[in-house]
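First the structure, in the form of structure tokens, and then the observations on it.
Quick note: the coordinates plus some simple rules give every number you see, no bench work behind them. None of these values were measured; they are calculated from a predicted model. Reconstructed Cβ throughout: ideal geometry from the backbone, glycine too, with neighbour counts over all protein chains shown.
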Amino acid sequence: MHADELKPAPQPLQLVQQFLNTRSLMRNFDLLDTPLSFTTWCTETAGISLKRMPDEQDLERYRSLREALRKLLLSHMSGSPAEKASASEEINRIMGPDLLQASFTQLAEPKVTARQDGDTSLEGRLMEAAVDAHYRKIWRRLKVCANEDCRWSFFDRSKNRSATWCDMAICGSRTKMRLYRQRRNTR
Ligand SMILES: [Zn+2]
């Protein structure tokens with residue numbers, strides 16, 4: 001079982017979580033390493049068929065986007081205003097403008113959706129999911145594990161929105177052990 005299946009975010013926010021979890025430090029894989037693994041992830045997990053095979057430059061850009069998003073969520077949890085601003089600027093720069101369009105639904109409610117043009121559709125879908133989550137007040141529940149050796153993304157379902165680790169038993173206790181050792185060594 002995948003750890004993201006343990007604490008999955010609701011749809012469509014789950015796409016952002018799944019994008020972050022294309023890399024695992026703990027299990028040592030990165031699905032954005034090769035054009036084939038990325039294309040397979042797009043088709044099978046994100047439901048997006050890319051117009052062309054991505055090259056190394058595209059992959060580099062998507063990896064930067066993913067890590068900027070991780071930084072953004074970390075700053076959201078515990079960052080200073082300056083850290084939040086710099087993470088937001090970085091991701092805006094990578095994503096670029098004009099990813100979304102706005103319209104009214106059949107129920108006379110406003111909504112934003114991703115523009116359906118070519119290679120930017122993944123960015124658009126990620127942005128659409130983030131806006132939707134913010135609108136439903138669950139954006140802050142999407143988190144990145146506080147263990148720096150992990151950084152897996154999980155959805156915090158706790159009542160007071162206080163979870164900091166993807167898995168308390170694994171990452172929580174490891175982090176506590178490390179802090180304990182650091183304190184002992186500096187004595
Ligand atoms: Zn973790």
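In percent, what relative contact order does the chain have, based on Cα pairs under 8 Å that are 6 or more apart in sequence?
Reported as a whole number, the value is 23 percent.
The stretch between LYS51 and LEU179, if pulled fully straight at 0.36 nm per residue, gains 41.3 nm over its current Cα-Cα span. Across region 26-43, coupling constants 3J(HN,Hα) worked out from phi with the 6.51/-1.76/1.60 Karplus curve, θ = phi - 60°, read 5, 9, 6, 9, 9, 6, 9, 6, 10, x, 5, 5, 5, 4, 5, 4, 4, 6 Hz, and Gly and Pro carry x. With each label modelled as a point 7 angstrom along the Cα→C-beta vector, the PHE104-ALA169 pair spans 5.2 nm.
Which of the GluC sites (Glu not before Pro) found in region 1-68 are loop residues per DSSP with 14 or fewer other Cβ atoms within 10 Å of their Cβ?
Within region 1-68, no GluC sites (Glu not before Pro) qualify (loop, at most 14 other Cβ atoms within 10 Å).
Oblate is the label for region 102-181. Its Cα gyration tensor axes, ordered a ≥ b ≥ c, give a/c of at least 1.5 and b/c at or above a/b.
Can you tell me how region 92-133 classifies by the Cα gyration tensor, rounded, prolate or oblate, using a/c under 1.5 as the rounded cut? Prolate, because a/c is 1.5 or more and a/b exceeds b/c. Computed from Cα positions, the angle between helix 121-135 and the longest principal axis of the chain comes to roughly 70 degrees. Computed log10 I(q)/I(0) for region 3-185 at 0.17, 0.18, 0.19 Å⁻¹: -1.18, -1.31, -1.43, from the Debye equation with unit scatterers placed on every C-alpha and solvent omitted. Zone of PHE29 (label point 7 Å along Cα→Cβ, backbone N under 14 Å): which residues in region 49-66? Under cut-off, by backbone N: nothing.
Once you order the gyration tensor axes a ≥ b ≥ c over the Cα atoms, which shape class does region 1-69 get: rounded for a/c under 1.5, otherwise prolate or oblate by comparing a/b with b/c?
It is prolate, given that a/c is not under 1.5 and a/b is the larger ratio.
Residues LYS159, LYS71, LYS84, ranked from the fewest to the most other C-beta atoms within 10 Å, line up as LYS159, LYS84, LYS71.
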